[in-house]
Amino acid sequence: MTAVLSRRAAVALAITATAAGCSHPATARSGPDSFAPLVKRVLPSVVNIAVVETEAQGNDPLSLFPPDIRRQFRERFPQRHREVHGSGSGFIIDANGLIVTAAHVVSSADKIVVALHDGTELPAEVVGQDELTDVAVIRVKPAAALPGVTWGDSKVMEVGDWVVAAGNPFGLGGSVTAGIISARGRDIGSGPFDDFLQIDAPINPGNSGGPLFNTDGQVVGITSAILSPTGSSVGIGFAIPSELASRIVDELRQKGRIDRGWLGVSMQEIREPGVAIAAVVRNGPASRAGLRVGDVVTAINGQTVEDSRALLRAVAAIAPGQTARLTVQRQGRGMEVSVTVGRRPNNEG
């Protein structure tokens, strides 16, 4: 289950590293002689995920009719449906059966089956998912404790550091690849919170949701997307960094959903630092606080705002119901506006 350059995809990394051009070769870190010890330790925590989606055949001619009429018609004339099968990967984070995967792997699933490393198959249910970051948590009920992995710190990972990915490419199961981090902070246009680690090597359909390990066997990313003209790996892939993913997973475990702050405005980029308000949602948080079209937001809670992406992320990080202090320029006059942040609607992407 994958798609090119979207959150509906799988990620990649390849064995490729060089010390060419290094002015201090004596201090350069060399790669391990073998990843075998690491793989033996972590692979039992990696799972294969099979999903079944049921969809109606053909276009729905009733889509424009009221719900009552659609229901009555379908009761009399049931539609034909077909099953669509897909696969992905995931990793165990709790001995009691909590598993992390990519949201696009399970978002439309009618049935989820997890295959453990020893071949045991267990039905799974979705605990929570967040499409904006492509992170999901699912649960199985094992007969015995499962081996879990721990989060590593993606913030300390540097370009050129070795990483190992594991997953279920093309449904083969139990596969690993190794490579390096090629870049950090990639925005691939898949959502407002893009902050991917770019990695190299063969990651293909079915790897989505699999773990990306550092050389200590800690998870520093979740495979999520590839850039490819063919749909298969060409050595440019992307992983959700653990710094972001671990926070999302914690909230999904606790509440089953992600609550993000929301202002209720449309924003427009300007040449100087700051963000212009292009539209205000009627009766939204910004409207109630008195923000107007044409206002320029230059800071939030004392932190300078460079662009709309920075403002969106800063607001999203504030819990709904909390107050945000906006520094605003209105017709050349500076002012402070306090806004009670709302809850970001699910369809706000």
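Observations
- For Lys255, the aspartates and glutamates whose Cα comes closer than 18 Å to its Cα, not counting residues fewer than 8 places off in the same chain, are Asp94, Glu125, Asp130, Glu131, Asp134.
- A full extension of the chain between Arg325 and Val293 corresponds to an added length of 9.8 nm, given 0.36 nm per residue minus the alpha carbon distance.
- Ala36-Asp216 FRET efficiency (beta carbon distance; Förster radius 22 Å; 0.05 resolution): 0.90
- What the Cβ-Cβ distance of Asp307 and Val52 gives, at R0 = 45 Å and to the nearest 0.05, is a FRET efficiency of 0.60.
- Whole-Å semi-axes of segment 109-154's equivalent ellipsoid (Cα gyration tensor): 21, 17, 9
- Least to most buried among Ile112, Ile258 (fewest other Cβ within 10 Å first): Ile258, Ile112
- Eigenvalues of the alpha-carbon gyration tensor of segment 261-343, scaled by 5 and square-rooted, set the equivalent ellipsoid semi-axes at 17, 14, 12 angstrom, largest first.
- Hypothetical label at Thr120: residues of segment 35-53 whose amide nitrogen lies under 20 Å (7 Å Cα-Cβ projection): 40-51
- Cut-off 10 Å between beta-carbons: net charge of the residues surrounding Arg186, Lys and Arg +1, Asp and Glu -1: -2
The numbers here are math on the coordinates, done by the rules we state, and not lab data. Computed from a predicted structure; not experimentally measured. Glycine gets a Cβ as well: all are built from the backbone with ideal geometry, and neighbour counts include every protein chain shown.
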